[in-house]
Every structure is written in C-alpha cells, then in structure tokens.
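Trainee: What follows is a single structure, and I will ask about it in a moment.
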Amino acid sequence: MFTWISAALAESDQQAAQPGWFATAFKKLMNAPGWALALLAALLVCGLVVFFLARGTKKTVWTTKMLSLGAISMALSSVLSMIRLMKMPQGGSVTPASMLPLMLFAYIYGAGPGITLGAIYGLLQYILDPFFVSLPQMMLDYPIAFAMMGLAGLARNWQNTTIGLPLGILLASCARFIAALLSGVAFFASYAEGTGLSPLMYSASYNGSYMLPETVICIVLSLLAGPVLVRELRKQSHTHGAI
C-alpha cells in the first residue's frame, strides 16, 4: 500500500513539475531575446505615433498612414506568432490568428502593398526565428510564403465585407499552403520516409494540420470583427483609391 501511495505521490509531483498550457503557449514569447521584443515594441509604438500624428495632414496622409498601419500589422502579427496554441514537431504552429493583421492590411490597401508587407514580414520572421537549409528553401518558407498573405487584397472590391474578407483570407491561406507544400516536397522529403506516404501527401497532411485550424480561427474572427475594423480603418486611411 505504501508503495502505491509513494508511486502516486511521485506521479503527482511529476505532473506538477510539467509546465501548464499557458506556460507552453507563451514559452516562445517569454523566451524571446530582449532585442527582438524591443524591435517589435518600436514597430508598434512608432506605427501608432505616426498614425495619430498623420490624422490631420492632407498631402501625406495616404503614404504615412499606410506605413504606420504596416508597422503595426507586422508588430501584432509577430507577437501573435510567438503565442503557440499548438506546436508541430518539425516547425509550424497554430497561433491566435497571427496572420490576420497582415491579411487585414492587404484587404484594406490592396494586393500589391499587401504582398510587399508580407514579404518584409517574412524576412523579419527569419531574423527572429531562422531556419536555413538552402537559399531557395529560405526564400520559399519566409518572404514568398508570407507574401501570399497579400493575396487577401484581391477580394477587397467585394461589396459585402462579411463575405469579401473571409474569402480573401481563404485565398491567401491557400496560397501560403501551396508555398509550404512545395517547400516540404522539395526540401523536407526525408521526413516522409517510414510513414508510408509520398513526400507530396506527407507535406500536405503535415502543413494542413496546423494551417487549417489557423485559417478557421482567422475566418471566425473576421466574421465577428472584420466588417467594423475594415470600415473604421478605411474611413481613417482614405484607401478607397488604393491599387
């Protein structure tokens, strides 16, 4: 009996020593280097300051507000990307809609600016959390994959934002999935060995397992708050004539 009690206490102590969900989800954010947090804070603060200072201007309001909202979007996406609701063993994770700020920016300003911002964000992600196999892999996994978020802007002319924004999110997410799929087949085919799956099927199932939940989260949030955010940001930024 005492042996059973000792084993139960040991198991209880082991479970208590294991980090909880909150600590696991925020582990990357809490362990981020000081310079990375300072960079993200600077992006966010500078973006907010420029945005509000530019509210009364006439000649440069379009350019300055685009830059400021872009900085804010990158900062928010970066912080959210460090909160991992589910982490995959070979990279990739489910986050609380870390791609939504980038796709919202693209939906407001158009595909061109959105693709540019996404590519810059991809390079920022590489600086913050690099994974390098080769230059083509790095380009495909970072600037090219995240540039696909800008394709959400292709749906910006849809009259009903409640339909247009989720449609843009779905389009951008599918394009990012294709980039990840190609990267998996071209550079990580060895992971499929022993699974009974072809590199194509393994890459599709692996990347889909975290991108699908992420897409669903973004679409749900866009349905709840998207129309209000789009209306207010368009009103502030005067973007109706964006490309």
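Each value in this text was obtained by applying a stated rule to the coordinates, not by laboratory testing. Because the structure is a prediction, the values reported are computed rather than measured. In this analysis, Cβ positions are derived from the backbone assuming ideal geometry, glycine residues included, and neighbour counts consider all displayed protein chains.
Trainee: For Thr95, which sequence-distant residues (separation of 5 or more, or a different chain) have an amide H within less than 5 Å of its own amide H, given hydrogens modelled in the peptide plane?
Mentor: Leu85
Trainee: Something else about it: If packing is taken as the mean number of other Cβ atoms within 10 Å per residue, what is the order of 128-139, 181-192, highest first?
Mentor: Result, highest mean Cβ count within 10 Å first: 181-192, 128-139.
Trainee: Right, another one. What ranking, highest mean first, results for peptides 211-217, 92-98, 157-163, 115-121 when packing means the other Cβ atoms within 10 Å averaged over each residue?
Mentor: Ranking the peptides 211-217, 92-98, 157-163, 115-121 by packing returns 115-121, 92-98, 211-217, 157-163.
Trainee: Right, something else. With θ set to phi - 60°, apply the Karplus curve 6.51 cos²θ - 1.76 cosθ + 1.60 along region 69-77 and write out the HN-Hα couplings as whole Hz, x wherever there is a Gly or Pro.
Mentor: Karplus values, whole Hz, x for Gly and Pro: 5, x, 5, 5, 4, 5, 5, 5, 4.
Trainee: Express the relative contact order of region 156-240 as a whole percentage, based on alpha carbon pairs under 8 Å and six or more residues apart in sequence.
Mentor: Relative contact order, region 156-240: 36 percent.
Trainee: Looking at the calculated P(r) for region 127-243, what percent of the C-alpha pair distances fall above 22 Å?
Mentor: Value for region 127-243 (Cα pairs over 22 Å): 45 percent.
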